[in-house]
Each structure stands twice: as structure tokens, then as C-alpha cells.
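Engineer: Take a look at this one; I'll ask things after.
The values are calculated or read from the model by the stated rules, or taken from the named source; none is laboratory data. This is a predicted model, so every value here is computed, not measured. Neighbour counts run over all protein chains shown; Cβ positions are idealised from the backbone, glycine included.
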Amino acid sequence: MFDSGFGGLTVARAAIDLLPSEDLVYIGDTGRYPYGSKPLTDVQSFSRELAHSLVDDYGAKAIVVACNTATAAGLDELRAELDVPIIDVIEPGVKALVTTTTTGRVGVIGTVGTVSSGAYVRAVAQTGAPVTLTSAACPGFVEFVERGQTTGDEVTVLAERLLAPIREADIDALLLGCTHYPFLARTISDVMGLGVTLVSSADETAFAVQRRLADLGVLRRGHCRVGTHRFASSGDIDEFRDLGRQLLGPELDRTERWPPSASGAAGSAGHVVPGTT
């Protein structure tokens, strides 16, 4: 799976817990984050490069685009070019959102790129659920997470300002439409109040991966084998390891450099046999 940085680690955590026998490779594109403020054409190019690397350099049998902005930029090209399943985070999150609400008034927050793309508006409409959706962009949230600052007065003040239109809509379910945002869940929940249920796409995406692999007959079942977990970063690998370990847990004990050179991290760690990751 790949993300612009650390946010996708929420999806990685869910996948590791649900699918302990599966190998996982995670690329955090911290050398080019944040994606949310970049043109979607640039994000499409980044996504294509990352996805092809996961297949060509790591032998991935499936790819999770663990980034809402990258998903909103469009996955049709990736699905046309690659022979492995591509799983996104928008559809699973939306399905959970529309089944959580009891009032029919729901909200979604995301990066500027995700919200302006209209991807969530289209995804909610495609469910056919009788809900009213209120969306809001939350610039600045990703940067706080990438600095490891997930609580405090600065985060709260920003959240109160950005979430004001969502609060005014009197929703009862809010989708965290960026994989970074679950790290800010405590602050977001405090601002939104007890009457609003926060929905994260991380767990739902992990279940979607499980179903897809099972349908294809390539799901590793049982717990007799413990999967390997590899993490790579296009930015500072030491910083990624240190902050990533705080956010994910003990599985993130080292970080490789991405992209791997011919004699770089992928080779030195033992190249993965295609189709086994």
C-alpha cells in the first residue's frame, strides 16, 4: 500500500491486525507530501509511479491506495495498466458512513484536493442512500500529523474553525476522509460533540482487502505463518521510522529508502518473489 506519508498507517494497522499471515509493503511518499494541495495531475503521476513500483520492485499481489487524495485523483489508469487488484479507501468508508447515520445527515472532511474533486459526493450518490452530505476541506490537519502533533491548543483551534460548517449542518455521522485524520480523532470528536459518530475507512478497507483476496483465491488463511512488514519512505527514512513507530506500533522497526536502487534496500533485504507479497 502507499500514501503521501503517515496517514495510510491507519490502514496498515488495520490490515496487519486483520490479516496477520499476509506480507505487507508500505511506501510513504514523504519526500513529496502533502498531496492534498497539489494538482490532481501530479497526484496521478505520483500514484502511477508508486503502484508500478509495488508490483515491479516488491512483487505485490494487490495494492491498497491508502490515500484519499490519490483515490480521488482517479484509479482507472492504474486498474487498466496493472494486473493486480487495486483497492481504494473511499468506497469502503462511504458504505460505512451511510449505514451509520440514523438521521440521514452526514458529513465528510478531507484535503482540499479530495473535497474539490467531488469524489465523495459521487460515491455517496452511487450508494442510493437517502442522505444529505455536507463536506469540508481541512487544510493543515495533515501537516500536524506529519509533525507528530495530534493534540494541543493549536490543533483544537484549527479544528474548531474548519469544522464549523459541519457542526452547523447538525450531522450525526462524520467520515474522516483522509487517512491522516484518525490520528486527530480525539480532537475532532471533542469539537463535534458526543452526538456525532466518527467513521474511519481504515477498518472497512482492511475488510475489503480480505474479501478481494479471498474471492481471488490468494488469501493466506490461518495464523501458523506471521507475515513480514516492510516500510519505505521517499523522504527522511530515520524520521519516518521514529514517527511511524509511534503511530503504527512495534512492527515499524526499520525503514527502507524508496525508490529502491538496483543494489538498494529492496535487494539488500532480499527481493520479494513476484506474486507473494
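Engineer: Considering only the stretch 177-232, how many residues are outside the structural domain of residue 26 (by TED's automatic domain parsing), out of contact with any Asp or Glu (no Cβ under 8 Å at 6 or more places or on another chain), assigned to a loop (DSSP other than H, G, I, E, B) and surrounded by 14 or more Cβ atoms within 10 Å (Cβ to Cβ)?
Structural biologist: Qualifying residue count for the region: 2.
Engineer: Can residue 235 be described as in a loop (DSSP other than H, G, I, E, B), closer than 28 Å to residue 109 by Cβ and in contact (Cβ under 8 Å) with a residue 60 or more places away in the chain?
Structural biologist: When the stated conditions are applied, residue 235 passes them.
Engineer: Among the residues of the stretch 5-63, write down those that are over 27 Å from residue 199 (Cα atoms), among the β-branched types (Val, Ile, Thr) and at pLDDT 95 or above.
Structural biologist: 55
Engineer: On to the next question. Given the condition among the acidic types (Asp, Glu) and under 18 Å from residue 69 (Cα atoms), answer yes or no: does some residue in the stretch 140-156 qualify?
Structural biologist: Checked against the condition, which is being among the acidic types (Asp, Glu) and under 18 Å from residue 69 (Cα atoms), the stretch 140-156 yields at least one hit.
Engineer: Residue by residue through the stretch 252-277, note down the ones that are under 19 Å from the mean Cα position of the chain (by Cα) and modelled with pLDDT of 95 or more.
Structural biologist: Of everything in the stretch 252-277, those that are under 19 Å from the mean Cα position of the chain (by Cα) and modelled with pLDDT of 95 or more turn out to be 252, 255, 258.
Engineer: Still on this structure: For the stretch 66-89, which residues satisfy the criterion of being assigned to a helix (DSSP H, G or I), touching a Lys or Arg at 6+ places or on another chain (Cβ under 9 Å) and surrounded by fewer than 19 Cβ atoms within 10 Å (Cβ to Cβ)?
Structural biologist: 77, 81
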